[in-house]
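Before any comments, here is the structure.
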Amino acid sequence: CTVCLKNVAGPDRQNHMGRHILLSQRGVVEPEVVMQVNGVAKDYPCGFCGKHMSENGCNITIASGKKASSSCPEGYPFQVTAALKSSQAKPSTNAPLKCSLCTETHWKYNMPRHLEDRVEVCCRPAETVRRSAFNTR
């Protein structure tokens with residue numbers, strides 16, 4: 001993990017990083033991360049490495065509606081529908097979503113920020129924007 005330096009197996013990276021991202025977005029300081037140089041990016045963190053998506057060259061896409069792939073060096077392909085389901089073993093539901101207001105794809109945990117950035121260019125009420133952008137169908 002680029003944030004806490006734990007050795008996290010590939011298929012578990014997205015779930016592990018999801019925890020770091022949620023805690024960071026809520027202002028929770030993780031004791032094991034305090035001394036690390038690489039924290040989670042404040043805006044648009046990558047769901048695999050936690051670094052800023054555009055600054056690190058990380059891109060996330062959804063191919064054929066169900067399979068996600070990323071340009072992140074820590075990334076791997078996975079099924080979006082499976083990643084959106086929380087379980088005891090994998091509680092994170094951070095997966096890519098296509099915004100219904102534009103053509104962009106963002107990690108679910110970054111979608112509120114994306115909507116904040118986009119709501120000014122949209123003429124619909126903010127609550128309608130939030131509901132429609134989180135539509136996963």
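The values are calculated or read from the model by the stated rules, or taken from the named source; none is laboratory data. Fair warning: this is a prediction, and the values are worked out from it, not measured in the lab. No Cβ is skipped: glycine too gets one built from the backbone with ideal geometry, and neighbour counts run over all protein chains shown. Calculation scope for accessible area: heavy atoms of the full protein, side chains included, ligands and nucleic acids excluded. Shrake-Rupley method; radii C 1.70, N 1.55, O 1.52, S 1.80 Å.
With protein chains left intact and a 1.4 Å probe, residues in segment 4-57 average 59 Å² of accessible area per residue. Think of segment 1-118 as a dipole: +1 on every Lys or Arg Cβ, -1 on every Asp or Glu Cβ, centred on the Cα centre; then among ILE60, PRO11, GLN88, GLN88 lies furthest on the positive end. Once you reduce segment 86-100 and segment 37-66 to the center of their Cα atoms, the two points are 14 Å from each other. Here segment 27-118 is treated with +1 on each Lys and Arg Cβ and -1 on each Asp and Glu Cβ, and its dipole about the Cα centre works out to around 440 debye. Modelled label positions at ARG26 and LEU84, each set 7 Å beyond Cα in the direction of Cβ, lie 2.2 nm from each other. Which shape class, rounded, prolate or oblate, goes with segment 1-51 when its Cα gyration tensor gives a ≥ b ≥ c as root eigenvalues, a/c under 1.5 marks rounded, and past that a/b bigger than b/c marks prolate? It comes out oblate by the Cα gyration axes. Put a dot 7 Å past the Cα of ASN38, heading toward its Cβ, do the same for GLU55, and the two dots end up 1.3 nm apart.
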